[in-house]
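Since every read-out is calculated from the coordinates, none of them should be taken as a lab result. No experiment lies behind these values; they were computed from the predicted model shown. Virtual Cβ from ideal backbone geometry, glycine too; neighbours counted across all protein chains shown.
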Amino acid sequence: MANQQDNNESTTLILKDVTLMWVHLSKPVEPFGEPVYDLRADVPKKRKTEISAYGKPKDVMVDGALNGMVSVNFKKKALMKDGSPSKKVRVVDQFKNPLTDAQIASIGNGSKGNILCIQKPYEIKGPNGKVTKSGITTMLIAVQVTELKEYVATGGIDFDSAMDTGSDDGFDDEDTKF
């Protein structure tokens, strides 16, 4: 973890050697109604104290069992306060060469990398001017992919293709049985 203070009270941090999961950096997603770029960073549980500087670590479960890893989510809003697009998260390879959107979209779960973010203190004031909430916000700035595990779509259901089932409801009787 590297720190660098600037005159705006923000701190630049680098989290090294993480496992990248659920990477959404080529185009924003809207999991809670607000477009964001995001990813999950997993590290071994012995690094829980280190990763807690970025958020509240959660235990990672795989197939219903703990796997000895903890995770923190990183995000960046895709829109500025005025509604204009914000700068995308910079994504580079192990040699610091920028990746294209297609390359970014191919970052699969289990890829390894480093994360650059900025932390800033914030305060929310109520109508009476008193501070009602304060804390530190973390914003994702850049990701370096040091080991790519390419995303490959598996044989799941393709909801974009037309289904020719011969029935009016779009499902075969066999599809609806449990």
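Where both bridge residues fall in region 1-152, DSSP classifies roughly 95% of the beta bridges as antiparallel. In terms of surrounding Cβ atoms within a 10 Å radius of their Cβ, 122, 54, 37 rank from fewest to most as 122, 54, 37.
In angstrom, the C-alpha Rg and Dmax of region 55-112 are 15.6, 44. Divide the volume of the convex hull around the Cα atoms of region 1-96 by the residue count and you get 146 Å³ per residue.
For the residue pairs 16/58; 27/87; 81/120; 81/125; 96/120, alpha carbon separations beyond 22 Å are given by 96/120. Most tightly packed first, judged by the mean number of other beta-carbon atoms within 10 Å of their residues, the peptides 12-25, 57-70 read 12-25, 57-70. Multiplying the residue separation of residue 45 and residue 62 by 0.36 nm and subtracting their alpha-carbon distance yields 4.7 nm.
Annotation for residue 97 and residue 84: the two label points, set 7 Å from Cα along the Cα-Cβ direction, are 3.3 nm apart.
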